[in-house]
Amino acid sequence: MADVIKKATRDGYGEGLIELGKKYKDMIVMDADLAGATRTGKFKSAYPEQFIDCGIAEGNMMSIAAGIASTGRLVFASSFAMFAAGRAFEQVRNSIGYPHLPVKIGATHAGISVGEDGATHQCNEDIALMRTIPGMTIINPADAVEAKAAVIAAAEIDGPVYMRFGRFAVPVFNDESTYKFELGKAVKLNDGDDVTIVATGLMVNEAVKAAEILKQEGINADVLNIHTIKPLDEEAVIASAQKTGKVVTVEEHSVIGGLGSAVCDCLAEKCPVKVKKIGMNDEYGMSGSAAELLEHYGFSADNIIKTVKEIIK
Amino acid sequence: MDNSTKKELEIFATKVRMGVIEGTYCAKAGHPGGSLSIADVLAYLYNGEMNIDPKNPDCADRDRFVLSKGHAAPALYAALALKGYFSTDELKTLRHKGALLQGHPDMKHIPGVDMSTGSLGQGISAACGMAISGKMAGKDYRVYTILGDGEIQEGQVWEAAMFAGFKKLDNLVAFVDFNNLQIDGRMTDVMSDLPIDEKFKAFNWNVININGNDLEEIENAYKMARECKGKPTCIIGKTVKGKGVSFMEDVCSWHGVAPNEEQYNDAMKELKATLESLEG
């Protein structure tokens, strides 16, 4: 593991936009005074004429993006998850979602790993909010390679897309030269019959680590990377749940309304099995380094291992 | 404006008002007051000012119209029907289950509707998006939006005003329907947003105050907007809510209530008389 490269998924967002700029000559990238942090700044430097800074007015940005999309242009609107999904929820719902306009929302700094900024900026609710919007595609990539590929794929989706990225540098485990992003398809990262671990975002790498350690102890886990939370790859989730009969969901998001809830919604109706959810419990975060907070709130391979052992008892 | 044009527009506006009464009566719901107050400006926009083709509603180079005060949909629908975007029969099923005409404008399904609106404050932002997209593409289409004077209490309106002024969107014209009534009472009693003109001026807009029910003043204002370069234009139209139906005029309770059968008959009788006198 010595030569593992670490990179934040927001960097994949920035790189994906640059790549798209080469192909879509009239695309527009919008931001709300966070271009450096969201990594849209690179696009701004490369294509200054196609970059719009809306200032600190996220609701306005979302409705403007809707107007731009209505004229047939590819448009990305960027901010922190807290403001893109939280503050601007109703603009996303009514200006973008209801008319099903193909605005691509790039939401960075999602989850507890925002770190030192503390609870006001740690958005653990965005997946829950976005899932309720009919026709919204939700993508939560696991590493920077997957993030970049997802951004490029999002350009072709005929409808609104919410893309969730992190601030914190995490291991890059996908190989950019071979990785193919398939929208709505779970990625099987480990095969096992004893338990299913369904993970998303930066928890995917922790899930793989957990599966490796569990294997040494004779516990074989199926590991699914759910980069597309909506539409959920129900087929893959059900197939694995049928095989193992026990499911652990893992996400850097509230246990209310996120991946865990989406998996439970699916399994409760179509394949009822025992499920345990790992996520942010019903509470706010606090300031601290990303690593400290991830450990504190149980976003770790260790906690996955512990939870797996509880469920297979 | 010559007399025959003026008469044509007055006839169109009267027919829009009849459509508003028809639609809200059939729906047993809707917002007649604020729909009647904008019939004149819609008559002007849809008969000469805007470059549109009802046979080709999605033409990329068309002018755009965004009804930011989306609850005045009955007036917009009546104007669109009169222009031939869809049959006037549709007005009779306004707000009915399964019908074309939704309670608020729905761009996905209704021909001629350029943006889905209804949640106040969002339409003007969408109009800004259309305007800046046109400018960036070097297109010369123009974008028109109508706001309510209650609507501009929404903070998003001022975010959009700041954006349009700073970005010098001179292809954007906003009309504020200043009738001084909102659901809870007089705007100046509920939460005054006066002075409206100074606020838009402060955001670098070209501001024109007019009588918003006077077609000649409306025409002059939109002509001045075309002449103005480097700034978006805000036309503040002093209007009478419920205009054209005497018992609805300047009465707050007609904001969101449909006429009953007797009121419908009285309103239609008055509007028909207006129409007959215009058509001579």
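Quick notes on this structure:
- Being away from every other protein chain (no Cβ under 14 Å) and part of a helix (DSSP H, G or I) is a property that does not hold for A:GLY106.
- Any hit, the stretch A:164-174, residues being out of contact with any Gly (no Cβ under 6 Å at 6 or more places or on another chain) and within 14 Å of chain B (Cβ to nearest Cβ): no
- The set of residues from the stretch A:40-52 being outside any helix (DSSP H, G or I) and either closer than 14 Å to A:ALA84 by Cα or more than 10 Å from every other protein chain (Cβ to nearest Cβ) (or both) comprises A:THR40, A:TYR47, A:PHE51.
- Residue among B:ASN220, B:ASN204, B:ASN213 that alone is on the phi > 0 side of the Ramachandran plot and polar (S, T, N, Q): B:ASN204
- Single residue of the stretch B:87-142 satisfying the filter (more than 7 Å from chain A (Cβ to nearest Cβ) and polar (S, T, N, Q)) that is nearest to B:PHE163 (Cα to Cα): B:THR117
- Counted residues, the stretch B:41-56 - those being in a loop (DSSP other than H, G, I, E, B) and either within 18 Å of the chain's Cα centre (by Cα) or closer than 23 Å to B:ASN213 by Cβ (or both): 4
- Consider the stretch B:159-197 and keep the residues that are among the aromatic types (Phe, Trp, Tyr) and under 19 Å from the mean Cα position of the chain (by Cα). The one that is nearest to the other protein chains (Cβ to nearest Cβ) is B:PHE175.
- Complete set of residues in the stretch B:130-155 that are more than 19 Å from the chain's Cα centre (by Cα) and closer than 24 Å to B:ASP184 by Cβ: B:GLY155
- Cβ-Cβ under 9 Å pairs, at least 6 apart or on other chains, the stretch A:45-65 side at positive phi, far side outside any helix (DSSP H, G or I) and at pLDDT 95 or above: A:GLY55/A:ALA32; A:GLY55/A:ASP33
- If the condition is being over 12 Å from A:LYS104 (Cβ atoms), among the aliphatic types (A, V, I, L, M) and assigned to a strand (DSSP E or B), then the stretch A:146-197 contributes A:VAL170, A:VAL187, A:LEU189, A:VAL195, A:ILE197.
- So A:ILE138, is it in contact with a strand residue (DSSP E or B) (Cβ under 7 Å, 6 or more places away or on another chain) and either at pLDDT below 95 or in a strand (DSSP E or B) (or both): yes
- Among residues of the stretch B:247-273 that are crowded, with 20+ Cβ neighbours inside 10 Å, those with a Cβ under 8 angstrom from a residue that is β-branched (Val, Ile, Thr) and part of a helix (DSSP H, G or I), sequence gap 6+ or separate chain, pair up as B:ALA258/B:THR24; B:PRO259/B:ILE21; B:PRO259/B:THR24; B:ALA267/B:ILE21; B:LEU271/B:THR14; B:LEU271/B:ILE21.
- Residue match in the stretch A:3-22 (condition: facing another protein chain (nearest Cβ under 9 Å), over 23 Å from the mean Cα position of the chain (by Cα) and farther than 22 Å from A:ASP117 by Cβ): no
- Test: B:ARG226 is out of contact with any Lys or Arg (no Cβ under 7 Å at 6 or more places or on another chain), within 17 Å of B:MET50 (Cβ to Cβ) and charged (D, E, K, R): yes
- Residues (without any contact (Cβ under 8 Å) to a residue 24 or more places away in the chain and surrounded by 14 or more Cβ atoms within 10 Å (Cβ to Cβ)) located in the stretch B:171-201: B:LYS201
- Within the stretch A:225-262, tally of residues that are part of a helix (DSSP H, G or I), aliphatic (A, V, I, L, M) and over 15 Å from the mean Cα position of the chain (by Cα): 5
- Matching residues, the stretch B:35-68, being more than 14 Å from chain A (Cβ to nearest Cβ), charged (D, E, K, R) and surrounded by 24 or more Cβ atoms within 10 Å (Cβ to Cβ): B:ASP40
- Candidates in the stretch A:67-85 are the residues that are in contact with a helix residue (DSSP H, G or I) (Cβ under 7 Å, 6 or more places away or on another chain) and away from every other protein chain (no Cβ under 14 Å); of these, the one that is farthest from A:ASP31 (Cα to Cα) is A:ALA85.
- Residues located in the stretch A:286-300, provided they are part of a loop (DSSP other than H, G, I, E, B), within 26 Å of A:VAL247 (Cα to Cα), of a type outside the set (Ser, Thr, Tyr) and in contact (Cβ under 8 Å) with a residue 40 or more places away in the chain: A:PHE299
- Only one entry of A:GLY86, A:GLY36, A:GLY72, A:GLY21 meets the criterion of being surrounded by fewer than 24 Cβ atoms within 10 Å (Cβ to Cβ) and assigned to a loop (DSSP other than H, G, I, E, B), and that entry is A:GLY72.
- Listed conditions (1) farther than 20 Å from B:ALA225 by Cα; (2) free of Cβ contacts under 8 Å to residues at least 60 places away in the same chain; (3) surrounded by 24 or more Cβ atoms within 10 Å (Cβ to Cβ); (4) away from chain A (no Cβ under 14 Å) are all met by B:GLN156, apart from (4).
- Yes/no for B:PHE200 being aromatic (Phe, Trp, Tyr) and either away from chain A (no Cβ under 14 Å) or within 23 Å of B:GLY48 (Cα to Cα) (or both): yes
The values are calculated or read from the model by the stated rules, or taken from the named source; none is laboratory data. Computed from a predicted structure; not experimentally measured. We place every Cβ from the backbone using ideal geometry, glycine too, and count neighbours over all the protein chains shown.
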